[in-house]
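To start, the structure under review is shown below, and the notes come after it.
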Amino acid sequence: MVCCDERSALAKMAVLGRICLILRHEPSQLQTRCLKIVNVDNRHMKVLFRMTSSNRSHKVVKIREIRVFPCPADRRRGTIVAGPLRFPCALGAGGVTAMKREGDGATPAGRYRLLNVKVRHDRVAGIRTGVPVSVIRPEDAWSESPRSGRYNRLITLHPGQPGDRLWREDRLYDIVGVLDWNIRPRISYRGSAIFLHLCRPGYLPTAGCIALEPDHLCRLLAACSGQPLFIVGGGSRKVRRRSR
């Protein structure tokens, strides 16, 4: 505890600087909280401060494993648990399934990684994450046609062409995490465009993706490092088959 007479904010910072020197901390490593103000008059006031080191409370913990648990009461909702973080999320309208098929509206159960994050730079600035980040372009889209040679891949669409465009009028794809479902190898009709993205109001169900509130998604990505592993629905192993 430190008791000091302050005549201005500059005097307060001077006291903090001396304490930092004594404790061998950088100013950014200390926090001050005003506990009580007494003897206030026109010339000075006496202020009682508590000085606490923030090294421990601000220690960065990088997340490498993220679990997604379906809600027993509503299979279209779930909970994401990543280290100390715990967030509600929206899942596919078909719940979680171990037998994912294209168009079934379900979120695939299994283990897959978050490969990269794509961002609308005109709407989102300064996203913090250890996951690789790239910018979404107006022509970017994702192939959902099982018969296409580019099935479940990033493609380019010209104006007027149909497809799942990443550049949308709504905010769902302002931040998109590409999940490693049916990427390597690709299997026709095993599902495509399984993303981590922003949810609709009220956590309305997705077409198979995992969706979070904007603040929760940003906090989750900020804690991620590399290509974290998602374990969805109890962690059944991803099915491996040869591409045709």
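Nothing in this text is a laboratory measurement; each read-out follows from the coordinates by a stated rule. What you see is a predicted model, and the numbers here were worked out from it, not measured in a lab. As a convention, Cβ positions derive from the backbone with ideal geometry for all residues, glycine included, and neighbour counts pool all protein chains shown.
Based on Cα contacts under 8 Å between residues 6+ apart, region 63-232 shows a relative contact order of 32 percent. Between Arg184 and Arg200, the contour length at 0.36 nm per residue exceeds the alpha carbon distance by 2.8 nm. Between Val81 and Asp170, the FRET efficiency estimated from the beta carbon spacing at R0 = 30 angstrom works out to 0.60. Taking the average, over residues, of other Cβ atoms within 10 Å as the packing measure, peptides 113-121, 132-140 rank 113-121, 132-140 from highest down.
Treating r as the C-beta distance of Cys71 and His158 and R0 as 51 Å, the FRET efficiency rounds to 0.80.
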